[in-house]
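To start, the structure under review is shown below, and the notes come after it.
The values are calculated or read from the model by the stated rules, or taken from the named source; none is laboratory data. What you see is a predicted model; the values in this text were computed from it and never measured. Please note: Cβ atoms are built from the backbone with ideal geometry, for glycine as well, and neighbour counts cover all protein chains shown.
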């Protein structure tokens with residue numbers, strides 16, 4: 001397994017005159033070939049910021065520190081002046097709402113061609129067969145017809161396939177998918193997830209999947225990183241984390257999902273709100289909303305490791321956790 | 001109130017809506033029947049474009065139907081000639097999907113909620129000052145119902161989180177003293193942790209105020225948590241309906257089955273290969289004959305393309321429209 005992407009100690013902050021918002025704090029993650037890693041968390045937890053910083057897509061006003069390596073080669077994370085970055089060569093990103101990712105005034109062919117030529121990997125002469133190939137790889141029936149259409153003539157699921165094809169045109173090794181199915185309904189969601197899975201299995205494409213849907217994580221991902229208030233608070237193999245979540249936040253998050261099999265008469269929920277990231281956070285970021293709060297939580301929690309590679313950032317040891325549950 | 005209308009708050013028969021488009025008529029809602037008993041929550045599920053939002057617009061009177069009747073507490077609604085009547089949808093309130101766009105950003109919470117008061121709601125007080133006091137007190141009362149309170153009164157929508165805004169939208173709907181609450185995907189724009197709060201609020205309102213509700217959603221997890229009964233719609237048609245557990249545990253229509261299979265479970269290791277349906281074309285098929293689902297169904301026969309299956313009611317009000325239903329062993 002080659003490590004395609006590794007990020008260590010990523011910090012993203014947005015300084016302004018009155019305050020500085022620290023959106024991402026000390027995030028490290030890595031992505032191996034053919035692996036699907038989920039970045040999970042609620043809105044405002046810094047998932048998208050992590051992805052954007054890795055891709056070098058943040059505006060110049062952002063302050064980004066940390067190290068990033070694409071296939072072993074370092075890449076500066078500073079948003080200023082690295083538009084032609086390694087990220088652009090090795091990775092592609094797809095965004096949440098496919099309907100806004102495409103320009104309504106141009107046909108699919110025009111838009112895909114632009115991307116293909118800009119990537120520098122395809123010449124104008126060979127572009128058409130490449131596009132047809134990518135569109136059939138995302139299982140769109142009749143690619144030649146699709147190329148002639150405008151975005152409004154396609155359904156949401158079809159557009160998301162086009163957007164994935166557009167990402168594949170750049171021949172990426174890594175695909176960053178930012179909530180790719182949130183705007184779609186369940187059956188289409190299942191189809192898109194299956195497509196991402198087959199791309200990973202058959203073509204060795206690595207996927208960093210940003211989502212807040214634990215169901216999506218469980219059905220698709222190999223590893224999971226749980227984010228809260230700009231930090232990764234738990235990480236590990238998907239089955240370990242979802243079967244035996246160690247951090248109280250992960251536990252709570254799982255308990256909020258209503259099960260289709262029913263039986264629950266009460267749903268747990270996480271009261272309170274995500275802390276204001278423009279203020280310094282003393283100790284654990286989750287302490288205000290945590291029902292296992294201890295006096296020691298005012299100090300910064302250690303990262304604890306469980307024997308199977310599962311890691312979490314909390315004062316509670318796993319034995320204490322077991323006593324509680 | 002007589003025993004009969006205690007049983008049925010809302011009764012809809014043969015409700016249809018046909019939109020005239022450039023490509024010809026498009027049937028958004030096709031002869032839908034539904035009943036909601038007093039204090040009952042009916043979930044309407046289906047994919048985007050299946051007509052569930054159109055149905056909600058018809059129920060609240062935002063759109064006029066092209067056939068069929070809506071009776072609410074023994075009164076026929078939206079009859080010709082009463083289009084502009086202030087009482088046309090009295091007793092029915094709606095909460096929309098996105099609280100960020102359904103609340104006016106220029107209005108304070110107190111005004112947002114008080115705006116929804118019925119004519120005469122403040123008649124108990126005489127004089128401007130008294131009325132103002134009563135208005136404030138009543139708004140606080142409704143905010144308390146949804147777990148908010150006095151400190152929020154004079155704030156603007158931008159000062160709240162999505163979950164709080166949705167609570168304000170609920171307070172605004174409750175201020176109309178409805179008997180029937182229509183919820184058009186009330187949690188779709190919210191985070192999972194907040195979604196759970198709203199679902200708990202819904203359950204609480206249901207027991208405390210014994211409201212009837214139409215809960216429109218495509219999230220079967222939330223549906224199984226709050227709903228008493230489910231109606232599954234496909235391309236404007238009612239394809240299956242029945243008590244929540246019966247429909248989810250023992251679906252008879254192949255579309256319901258597919259919907260249930262498509263829900264990702266949070267239990268790892270349950271990765272199953274989905275028996276995927278054929279994707280729908282972007283041109284919404286306007287099925288004029290045969291079963292609307294025939295084009296995507298795994299067990300389509302010739303008969304399905306020729307005649308539309310009738311809606312058959314089985315035991316315990318569990319009904320479906322299919323010639324070759326999913327057998328119990330399959331589900």
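Within the set A:74, A:61, A:78, the sole residue that is surrounded by fewer than 22 Cβ atoms within 10 Å (Cβ to Cβ), without any contact (Cβ under 8 Å) to a residue 12 or more places away in the chain and over 19 Å from residue A:229 (Cβ atoms) turns out to be A:74. Exactly one residue among B:122, B:201 is in a helix (DSSP H, G or I), out of contact with any strand residue (DSSP E or B) (no Cβ under 9 Å at 6 or more places or on another chain) and either modelled with pLDDT of 90 or more or over 23 Å from residue B:59 (Cβ atoms) (or both), and that residue is B:201. Checking B:161, B:193 one by one, the residue that is surrounded by fewer than 22 Cβ atoms within 10 Å (Cβ to Cβ) and facing chain A (nearest Cβ under 10 Å) is B:161 and no other. Checking A:164, A:176 one by one, the residue that is more than 12 Å from chain B (Cβ to nearest Cβ), assigned to a strand (DSSP E or B), closer than 21 Å to residue A:40 by Cα and touching a helix residue (DSSP H, G or I) at 6+ places or on another chain (Cβ under 8 Å) is A:176 and no other.
Scanning region A:223-253 for residues that are touching a helix residue (DSSP H, G or I) at 6+ places or on another chain (Cβ under 7 Å) and not in a loop (DSSP other than H, G, I, E, B) turns up A:223, A:224, A:226, A:227, A:228, A:233, A:234, A:238, A:241, A:242, A:250, A:253.
Entry remark, region B:301-311: residues being surrounded by 13 or more Cβ atoms within 10 Å (Cβ to Cβ) and under 10 Å from residue B:322 (Cα atoms) number 4 in total.
One line per residue, one yes/no per condition, for (1) in contact (Cβ under 8 Å) with a residue 12 or more places away in the chain; (2) over 24 Å from residue A:224 (Cα atoms):
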site	(1), (2)
A:277	yes, no
A:282	yes, yes
A:289	yes, no
A:294	yes, yes
A:300	yes, no
A:305	no, no
A:312	yes, no
A:315	yes, no
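Quick grid of which residues meet (1) loosely packed, with under 15 Cβ neighbours inside 10 Å; (2) out of contact with any strand residue (DSSP E or B) (no Cβ under 9 Å at 6 or more places or on another chain); (3) in a helix (DSSP H, G or I):
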residue	(1), (2), (3)
A:21	no, no, no
A:27	no, no, no
A:34	no, no, no
A:89	no, no, yes
A:117	yes, yes, yes
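Which one of A:241, A:216 is within 10 Å of chain B (Cβ to nearest Cβ), more than 19 Å from residue A:33 (Cα to Cα) and in contact with a strand residue (DSSP E or B) (Cβ under 7 Å, 6 or more places away or on another chain)? Going through A:241, A:216 in turn, the sole match is A:241. Checked against the criterion of being modelled with pLDDT under 90, within 15 Å of residue A:46 (Cβ to Cβ) and either more than 23 Å from the chain's Cα centre (by Cα) or not in a helix (DSSP H, G or I) (or both), region A:254-265 contains not a single residue that satisfies it. Check whether at least one residue in region B:143-151 is over 21 Å from residue B:209 (Cα atoms), free of Cβ contacts under 8 Å to residues at least 24 places away in the same chain and in a loop (DSSP other than H, G, I, E, B), and report yes or no. No. Counting the residues of region A:58-77 that are within 12 Å of residue A:12 (Cα to Cα) and assigned to a loop (DSSP other than H, G, I, E, B) gives 6.
Given the residues B:16, B:48, B:56, which is the only one that is in the same structural domain as residue B:247 (by TED's automatic domain parsing) and either in a loop (DSSP other than H, G, I, E, B) or over 30 Å from residue B:204 (Cβ atoms) (or both)?
B:48
If the condition is being within 12 Å of chain B (Cβ to nearest Cβ) and farther than 17 Å from residue A:41 by Cα, then region A:266-293 contributes A:266, A:267.
Any idea which of (1) surrounded by 16 or more Cβ atoms within 10 Å (Cβ to Cβ); (2) touching a strand residue (DSSP E or B) at 6+ places or on another chain (Cβ under 9 Å); (3) modelled with pLDDT under 90 is the one residue B:117 doesn't satisfy? Of the numbered conditions (1) surrounded by 16 or more Cβ atoms within 10 Å (Cβ to Cβ); (2) touching a strand residue (DSSP E or B) at 6+ places or on another chain (Cβ under 9 Å); (3) modelled with pLDDT under 90, the odd one out for residue B:117 is (2). Give me the residue from region A:266-280 that is under 27 Å from residue A:22 (Cα atoms) and buried (at least 17 other Cβ atoms within 10 Å of the Cβ) and, out of that set, modelled with the highest pLDDT. Here the answer is A:277.
Condition check ((1) crowded, with 24+ Cβ neighbours inside 10 Å; (2) in contact (Cβ under 8 Å) with a residue 12 or more places away in the chain) across all residues:
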residue: A:201; (1), (2): no, yes
residue: A:206; (1), (2): yes, yes
residue: A:221; (1), (2): yes, yes
residue: A:248; (1), (2): yes, yes
residue: A:262; (1), (2): no, no
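Scanning region B:314-330 for residues that are at negative phi, in the same structural domain as residue B:235 (by TED's automatic domain parsing) and loosely packed, with under 12 Cβ neighbours inside 10 Å yields a single hit, B:315. Counting the residues of region A:179-191 that are more than 9 Å from chain B (Cβ to nearest Cβ), buried (at least 23 other Cβ atoms within 10 Å of the Cβ) and either more than 15 Å from the chain's Cα centre (by Cα) or touching a residue at least 60 places away in the same chain (Cβ under 8 Å) (or both) gives 1.
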